[in-house]
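For reference, the structure discussed in these notes is given below.
Please treat every number below as a calculation from the coordinates, not as lab data. Bear in mind the structure is a predicted one, so any value in this text is a computation, not a measurement. Note that we place each Cβ from the backbone using ideal geometry, even for glycine, and neighbour counts take in every protein chain shown.
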Amino acid sequence: MKVLVACEESQEVCKAFRKRGHEAYSCDIVDCSGGFPEWHLKQDVTPLLYDKWDLIIAFPPCTDLAVSGARHFEKKRLDGRQRKSIEFFAQFLNLDCKRVAIENPVGIISGSYIEKWFPDLAAKYGLPAKPTQIIQPYFFGDPFEKKTCLWLKGLPELKATNIVKPEDRIYYESGKSMPPWYANAYHLPKEERARVRSKTFTGIAEAMAEQWGGLT
């Protein structure tokens, strides 16, 4: 298969498909950190979406879309960032490609938020769009929590491969809690912190390559 992994600098998914003999390429506007620059397309992904691909897996930036950042939404509505991010995400929903998977955390794509604040975009792109399934890294052998939504076209839902117990959450005096792997990234510089938190866990990448790479 010829596979495009959009908005991926870690190359976790790209490498999983390459390991199984597929012609896979990661694409991002930054250099890759996965160790295989020859498989990385450093550019805006949009022009590539109109090439012929057997499968496109997209990880559009979630900074302006995830509900975890809701306290910043008003500012992002006003300065145009949120509109731009919604449109970037939505382009993947309407691709002329036989098989498409889009990954994002729980966010505004599936709720009534866009209908309220961006009714023109809701009408243009058919939003809200409920995810096909929600998965966790601990379904696939990595003992971590990271609720992940998948919007799928022409693909079966991912089946759990190795369900394990996730690590215990850290609880704070405020009553809030979070997974240790996520909390431990706080000490990192902002850009590195975002990179660590957005990286696809190996088990999910392997499941994508194993379960979707064999389709005909």
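In table form, for the structure just shown:
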item	result
In Hz, Karplus ³J(HN,Hα) per residue of the range 39-52 (6.51, -1.76, 1.60; θ = phi - 60°; x = Gly, Pro)	9, 10, 9, 8, 5, 5, 6, 3, x, 6, 5, 9, 7, 8
Phi-based couplings in Hz for the range 12-17 (Karplus 6.51, -1.76, 1.60; Gly and Pro marked x)	4, 6, 4, 5, 5, 6
Packing-based exposure ordering (other Cβ within 10 Å, fewest first) of Cys7, Cys62, Cys14	Cys7, Cys62, Cys14
Neighbour-count order for Phe36, Phe118, fewest beta carbons within 10 angstrom listed first	Phe36, Phe118
Long-range amide H partners of Leu41 with built H, under 5 Å	Ser26, Cys27, Asp28
The range 104-170 - charge dipole about Cα centre, Lys and Arg +1 at Cβ, Asp and Glu -1, debye rounded to 20	140 debye
Ranking of His187, His40, His72, His22 by count of other Cβ atoms within 10 Å, fewest first	His187, His72, His22, His40
5 angstrom amide H check on Leu55, placed H, neighbours 5+ away	Lys2, Leu4
Integer Hz, Karplus 6.51/-1.76/1.60 couplings in order for the range 76-84, x for Gly and Pro	6, 5, 6, 8, x, 5, 5, 4, 4
Pairwise centroid distance, computed over Cα atoms, of the range 181-216 with the range 139-168, Å	11 Å
